[in-house]
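One structure below.
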Amino acid sequence: MTGNITKRIEEIRNTLPPQVRLIAVTKTVSVAAMQQAYDAGIRDFGENKIQEALAKQEQLKAYTDIRWHFLGHLQTNKAKLALQHFHWIHTCDRAKLVKRLDHLLQQLEITPPNLLLQVKPLADPNKYGWTIPELLEVLPTFQQYQSLPIKGLMTILPLNISSQQAQVGFEKVRDLAQQIEQTHLPNVTMEELSMGMSDDYPLAIEAGATMIRLGRTIFGERSN
Ligand SMILES: *Cc1c(COP(=O)(O)O)cnc(C)c1O
C-alpha cells in the first residue's frame, strides 16, 4: 500500500493551485511512510499528539527542512513542548491557552511558531474551538499578547455534513478572516486559512484555503 504514496501525492499536487500548502497528516503513520512522502516532495507534516510527534521528529531529525504542524487539542501542560517543537500550532482554541502561550514565550528564548485560531463556523458537537461570535468577542483581548504571531484561522467541520453545508462552513471562515483583517489588530494577520481534509478539501480550496491537511487520501485508511 505504501507504494502508492508517491503516486497519490503527485496526483493531489497536480490539482492544487500554487498558493495552497499541502500538509501530510501523519498521526498513526509509520516513519517509513513519512520518508516516502518526504521523497515525493512533502515538507509539511501534521501530527496531533505531542509524544508521537516528538518520537518521529527524533527519527527524522536529519530532515532539517521539515515544517512540523501541531493539529491536535493542545493541553495547557503540553503547551511548552508544542512551542519548542513545532513551526505551526493550528489549534489555539481557548483564551486560557492563548494566555499560557504568551506567558511561556516571554520566558523561552525561541522564535515562536505561527499560530492559528480554531473556529467552528457551523453548529457543532465538537467541544473545541470558538464559534464565530465568541471569537469576535475575545479577539480584541489578544492585543495584550504582543509576542504571539497569530497568522490566521483553522477549522475542522463536523462529520457527515453535506457538501453544500461544508461549502457554507468554509465560506463563513473566509468571511470571518476578512472581517478580522479589517479590525487591524497589531499582532493578528489573516494570511492563512487552514481548512480542508481528505473528504472536503476541493471545497475548502474553492473557498480560499491556503493550507489543506490530508491524511487518508495520501496514506490510506488509519487502522487505529
Ligand atoms: C486527522 C486529521 C486530519 C486529516 O484527516 P483525513 O480525513 O485523514 O484527511 C486533518 N486535520 C486534523 C486536525 C486531523 O486531526
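Read the figures in this text as sums done on the coordinates, not as results from a lab. Since we're looking at a predicted model, the values are computed, not measured. Neighbour counts are summed over all protein chains in view; Cβ atoms, including those assigned to glycine, are modelled from backbone coordinates with ideal geometry.
A compact table of results
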{"item": "Extension reserve of the Glu134-Tyr38 stretch, reckoned as 0.36 nm per residue once the Cα distance is removed", "result": "30.7 nm"}
{"item": "Most mobile listed residue (Glu171, Glu192, Glu58) in the chain, GNM with C-alpha springs under 10 Å", "result": "Glu58"}
{"item": "Segment 28-94: translational diffusion in µm²/s, Stokes-Einstein, Kirkwood Rh over Cα pairs, 25 °C, 0.890 mPa s", "result": "200"}
{"item": "Helix-only [θ]222 nm of the chain, DSSP H runs n ≥ 4, -39500 (n - 2.57) each, per residue, nearest 500", "result": "-11000 deg cm²/dmol"}
{"item": "Mean projected area (nm²) of the alpha-carbon convex hull when segment 98-151 is viewed from all directions", "result": "4.1"}
{"item": "Debye-sum result for segment 1-132 in log10 I(q)/I(0), which assumes one identical scatterer on each alpha carbon, at q = 0.15, 0.19, 0.22 Å⁻¹", "result": "-0.80, -1.13, -1.31"}
{"item": "Pair-distance profile P(r), taking every C-alpha pair of segment 5-219, with 10 angstrom steps and integer %", "result": "8, 35, 37, 18, 2"}
{"item": "Fewest-first sequence of Glu221, Glu206 by Cβ atoms within 10 Å of each Cβ", "result": "Glu221, Glu206"}
{"item": "Relative contact order (%) - segment 5-219, alpha-carbon pairs under 8 angstrom, separation at least six", "result": "20"}
{"item": "Links that overshoot a 27 Å alpha carbon limit, given the list Lys27/Lys151; Lys7/Lys127; Lys7/Lys172; Lys27/Lys78; Lys7/Lys78", "result": "Lys7/Lys127; Lys7/Lys172; Lys7/Lys78"}
{"item": "Mean Cα-pair separation over length for segment 2-121, i.e. relative contact order, pairs under 8 Å, 6 or more apart, %", "result": "19"}
{"item": "Eligible aspartates and glutamates near Lys56 by straight Cα distance, threshold 14 Å, same-chain separation 8 or greater", "result": "Asp44, Glu47"}
{"item": "Principal axis dimensions, segment 96-217 - Cα atoms, whole angstrom, descending", "result": "44, 29, 25"}
